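Please see the structure below; I have some questions.
The values are calculated or read from the model by the stated rules, or taken from the named source; none is laboratory data. Everything numeric in this text was worked out from a predicted model, so none of it was measured. Cβ placement follows ideal geometry from the backbone for every residue including glycine, while neighbour counts extend to all protein chains displayed.
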Amino acid sequence: MEAVDLKSFVSGKWVAGSDRGTALVNPSNGVTVAWAGSRGVDLSAALDYSRRVGGQNLRQLTYASRAALLGRIAETLAAHRERWNDISRINSGCTKSDAALDVDGSIGTLKYFARLGAKLGETSLLADDQPAQLTRAQNFQGCHVGVPLHGVAILINAFNFPAWGLWEKAAVSILAGVPVLAKPATATAWLAQEMVESLIAANVLPEGSLSILCGSVGDLLDHVCFGDVVSFTGSASTGAMVRWHDRVRAQGIRVNVEADSLNSAILGPDGAAGTPAFQFFVREVVREMTIKAGQKCTAIRRILVPADRVQGVTEAIAAELAKVVVGDPSDLSVSMGPVVNDAQRTGVEDGVRTLSREAEIVFNPRPPSGGAFVAPTLLKLHPESEGRLVNEVEVFGPVATVIPYRNSEEAFEIARRGGGSLAASVYSADSEYLAGAAAALGSSTGRILLVDPTIGDLHPGHGVVLPSLTHGGPGRAGGGEELGGLNGLWFYHQKVALQGSDTTLKQVLTRAGNPR
Ligand code: NAP
């Protein structure tokens with residue numbers, strides 16, 4: 001198969017970079033499958049075109065009409081599902097279930113926002129509250145409404161979810177009436193690029209409302225203007241570069257950052273071997289370590305266990321990990337594929353070496369050779385260690401560490417040491433304990449899954465992000481907020497405090513859908 005050259009779609013046309021750019025590989029065998037180069041692409045003109053043409057076209061439509069567009073995007077993407085699964089396998093090393101998480105997750109998220117947006121009806125503003133009297137004059141009132149921004153949503157994504165990473169952001173932006181310029185991570189840009197190509201070919205969206213930049217980000221951020229927003233997913237260090245970019249700061253650009261996270265799973269004090277809490281806990285840890293070869297921002301990295309259960313839990317997890325078959329996912333017996341490329345493999349191996357300074361490696365079989373394969377790796381914190389590195393270093397692969405705790409307060413305190421996480425899960429049959437865990441972990445965690453035996457088989461997974469709930473976490477996780485139903489729309493709107501007569505405000509609100 002000849003490597004494809006990925007063009008960018010900007011200013012309403014497909015353009016190639018002036019050089020081939022970066023090679024995208026099949027991580028199972030190192031073969032180059034595509035090239036992505038953005039040198040020479042006029043990014044100032046691209047943003048200007050999106051603002052002028054795309055913004056104008058989208059803002060002419062109501063929320064309900066834009067919701068219908070999301071439905072058509074979902075239908076078009078669903079028609080090519082097999083193609084997306086193939087690209088996911090070839091360029092990301094995904095097994096069928098890994099690919100489904102990314103591809104079906106995208107389609108599901110688009111459909112969810114299509115349904116939700118339809119409920120806003122033929123309106124063009126978002127109502128936040130009802131008018132309330134402001135002074136002694138009964139007729140002088142105030143309320144808040146959201147007005148769609150007149151800019152471009154620059155959506156910069158990480159390599160691990162080339163499809164979902166794009167659509168979970170773009171669905172909300174397009175529904176809000178803000179045109180999109182997507183910048184997928186170069187290593188896996190092929191899937192996002194071909195998805196966009198299928199939509200352009202099917203003429204699904206108004207002109208200018210969807211653009212994609214394939215290859216490096218270049219000088220894109222030097223051309224942002226007031227009204228644009230940047231929604232970034234990736235490492236904390238790149239996120240900081242985006243946040244502190246001179247032009248981004250000078251223009252007061254709204255930035256959302258979804259970054260690293262040291263997510264924890266806590267086995268409650270009642271989780272003795274053989275209890276449902278113990279079994280659900282072990283199953284979830286193994287699932288989280290191995291889905292997408294651990295390359296999930298929400299994956300469990302820290303496994304918090306009562307000190308007297310460390311041995312039993314470690315053995316149970318290791319026994320399940322021993323059943324994992326690592327290899328090229330084109331072989332259907334394989335249950336965990338490679339990480340995305342050799343650089344990522346080296347990063348994981350270095351990370352394991354770093355953690356092993358304070359943790360014992362208890363499970364780390366030899367992975368297959370010839371690709372970016374990494375074995376699922378379980379570590380156990382040395383009893384005498386303070387656990388500085390395990391609470392600091394994110395190893396973005398199938399790697400997690402068992403950490404003992406002496407009592408619940410200590411478990412919650414260790415979980416908070418992650419410096420702000422996207423997700424935590426807690427396993428116990430005691431609802432009172434679970435409620436206490438929610439309060440104790442809430443200040444440092446974006447989402448908490450509380451697993452008692454009644455939902456042990458019903459929840460979609462510790463790491464699965466649902467469009468109806470907020471995705472994001474404080475501190476090192478970036479401090480961002482995405483999705484969360486219609487709350488996600490506010491990032492793409494200016495919330496305006498309006499003052500006027502009762503009659504005038506009622507007139508404004510006839511144009512506003514009420515998301516509450
Ligand atoms: P990354 O290296 O930080 O790259 C993320 C994106 O930023 C890529 O599209 C990259 O483009 C782009 N980029 C690079 N330099 C930039 C610059 N100077 N200005 C603007 N954008 C720039 O992250 P990654 O390796 O792709 O992803 C792994 C990380 O993402 C992990 O740390 C993981 O925890 C995090 N992550 C977080 C979430 C979440 O929702 N919180 C989700 C997934 C992943 P190029 O690819 O062209 O360099």
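Among Ala415, Ala400, which is the only one that is over 21 Å from Pro276 (Cα atoms) and in a helix (DSSP H, G or I)?
Numbers: Ala400 fails: in a helix (DSSP H, G or I).
The unique qualifying residue is Ala415.
Pairs needed: first member in the stretch 245-274, closer than 28 Å to Val224 by Cα; second member anywhere, more than 9 Å from the ligand (Cβ to nearest atom) and basic (Lys, Arg); C-beta distance under 6 Å; at least 6 residues apart or different chains.
Pairs found: Val255/Arg243; Asp260/Arg476.
Another one. Please work out which residue is farthest from Val224 (Cα to Cα), limiting yourself to the stretch 2-31 and to residues that are within 16 Å of the ligand (Cβ to nearest atom) and assigned to a strand (DSSP E or B). I'd like the intermediate steps shown before the answer.
First, the residues of the stretch 2-31 that are within 16 Å of the ligand (Cβ to nearest atom): 5-8, 10, 17, 19-25, 27.
If we keep only those that are assigned to a strand (DSSP E or B) as well, we get 5-6, 8, 10, 22-25.
On the way: Asp5: 27, Leu6: 24, Ser8: 18, Val10: 15, Thr22: 25, Ala23: 28, Leu24: 28, Val25: 31 Å.
My answer is Val25.
Would you mind finding the one in Arg345, Arg353 that is free of Cβ contacts under 8 Å to residues at least 24 places away in the same chain and not β-branched (Val, Ile, Thr)? Spell out the reasoning first.
Details: Arg345 fails: free of Cβ contacts under 8 Å to residues at least 24 places away in the same chain.
From the options Arg345, Arg353, the qualifying one is Arg353.
Anything in the stretch 66-121 that is polar (S, T, N, Q), in contact (Cβ under 8 Å) with a residue 40 or more places away in the chain and farther than 30 Å from Thr510 by Cα? List them, or say none. Break it down into steps so the answer makes sense when it comes.
Filtering the stretch 66-121 for residues polar (S, T, N, Q) gives 76, 85, 88, 91-92, 95, 97, 106, 109.
Subsequent filtering for residues that are in contact (Cβ under 8 Å) with a residue 40 or more places away in the chain retains 76, 88, 91-92, 95, 97, 106, 109.
Listed by number, the residues that qualify are Thr76, Ser88, Asn91, Ser92, Thr95, Ser97, Ser106.
Here is a further query. Has the stretch 277-287 got at least one residue that is of a type in the set (Gly, Ala, Ser) and out of contact with any Gly (no Cβ under 6 Å at 6 or more places or on another chain)?
Residues of the stretch 277-287 of a type in the set (Gly, Ala, Ser): 277.
Then drop every residue that is not out of contact with any Gly (no Cβ under 6 Å at 6 or more places or on another chain), which leaves none.
No, that holds for no residue.
Would you pick out the residues in the stretch 182-217 that are farther than 25 Å from Asn85 by Cβ, of a type outside the set (Ser, Thr, Tyr) and more than 12 Å from the ligand (Cβ to nearest atom)?
Across the stretch 182-217, the qualifying residues are Pro206, Glu207, Gly208.
Need at least 1 residues that are within 15 Å of the ligand (Cβ to nearest atom) and over 28 Å from Ser385 (Cα atoms) per element, so show me which helices (runs of 4 or more DSSP H) inside the stretch 258-362 make the cut, counting only ones lying wholly within it. Show your work before the answer.
Working: elements: 276-290, 310-321, 342-355.
Fully inside the stretch 258-362 and qualifying: 342-355.
Considering the stretch 219-235 alone, what residues qualify as being surrounded by fewer than 17 Cβ atoms within 10 Å (Cβ to Cβ) and within 13 Å of the ligand (Cβ to nearest atom)?
Going through the stretch 219-235, the residues surrounded by fewer than 17 Cβ atoms within 10 Å (Cβ to Cβ) turn out to be 219, 222, 225-226, 235.
Across the stretch 219-235, the qualifying residues are Asp219, Asp222, Ser235.
Further question: Within the stretch 119-129, does at least one residue satisfy the condition of being under 20 Å from Ser50 (Cβ atoms), away from the ligand (no atom under 16 Å from the Cβ), surrounded by fewer than 20 Cβ atoms within 10 Å (Cβ to Cβ) and over 22 Å from the mean Cα position of the chain (by Cα)? Before the answer, list the steps.
Taking the stretch 119-129 as the starting set, the residues that turn out to be under 20 Å from Ser50 (Cβ atoms) are 124.
Then drop every residue that is not away from the ligand (no atom under 16 Å from the Cβ), which leaves 124.
If we keep only those that are surrounded by fewer than 20 Cβ atoms within 10 Å (Cβ to Cβ) as well, we get 124.
Still in the list and also over 22 Å from the mean Cα position of the chain (by Cα): 124.
Looking through the stretch 119-129, at least one residue is under 20 Å from Ser50 (Cβ atoms), away from the ligand (no atom under 16 Å from the Cβ), surrounded by fewer than 20 Cβ atoms within 10 Å (Cβ to Cβ) and over 22 Å from the mean Cα position of the chain (by Cα).
Can you tell me which residues in the stretch 132-149 are over 25 Å from Arg52 (Cα atoms) and crowded, with 20+ Cβ neighbours inside 10 Å?
Hits for the stretch 132-149 are Gln141, Cys143.
Taking into account only those residues within the stretch 325-381 that are over 28 Å from the mean Cα position of the chain (by Cα) and under 15 Å from Val393 (Cβ atoms), which is surrounded by the most Cβ atoms within 10 Å (Cβ to Cβ)?
That would be Leu381.
Within the stretch 208-228, identify whether any single residue is among the aliphatic types (A, V, I, L, M) and at pLDDT below 95, and answer yes or no. Before the answer, list the steps.
Within the stretch 208-228, the subset among the aliphatic types (A, V, I, L, M) is 210, 212-213, 217, 220-221, 224.
Narrowing the set further to residues that are at pLDDT below 95 leaves none.
For the stretch 208-228, residues among the aliphatic types (A, V, I, L, M) and at pLDDT below 95: absent.
Can you pull out the residues in the stretch 13-48 that are surrounded by 21 or more Cβ atoms within 10 Å (Cβ to Cβ), under 21 Å from Val374 (Cβ atoms) and of a type in the set (Val, Ile, Thr)?
Matches in the stretch 13-48: Val25 only.
I'd like the residue in the stretch 150-192 that is surrounded by fewer than 24 Cβ atoms within 10 Å (Cβ to Cβ) and touching a Cys at 6+ places or on another chain (Cβ under 9 Å) and, out of all such residues, is nearest to Leu120 (Cα to Cα).
Gly151
A further question on this structure: Regarding Glu284, is this residue in contact (Cβ under 8 Å) with a residue 12 or more places away in the chain, surrounded by fewer than 20 Cβ atoms within 10 Å (Cβ to Cβ) and acidic (Asp, Glu)?
Numbers: in contact (Cβ under 8 Å) with a residue 12 or more places away in the chain: yes; surrounded by fewer than 20 Cβ atoms within 10 Å (Cβ to Cβ): no; acidic (Asp, Glu): yes.
When the stated conditions are applied, Glu284 does not pass them.
Is there a residue in the stretch 466-486 that is part of a helix (DSSP H, G or I) and among the hydrophobic types (A, V, I, L, M, F, W, C)?
Yes, there is a match, as at least one residue in the stretch 466-486 is part of a helix (DSSP H, G or I) and among the hydrophobic types (A, V, I, L, M, F, W, C).
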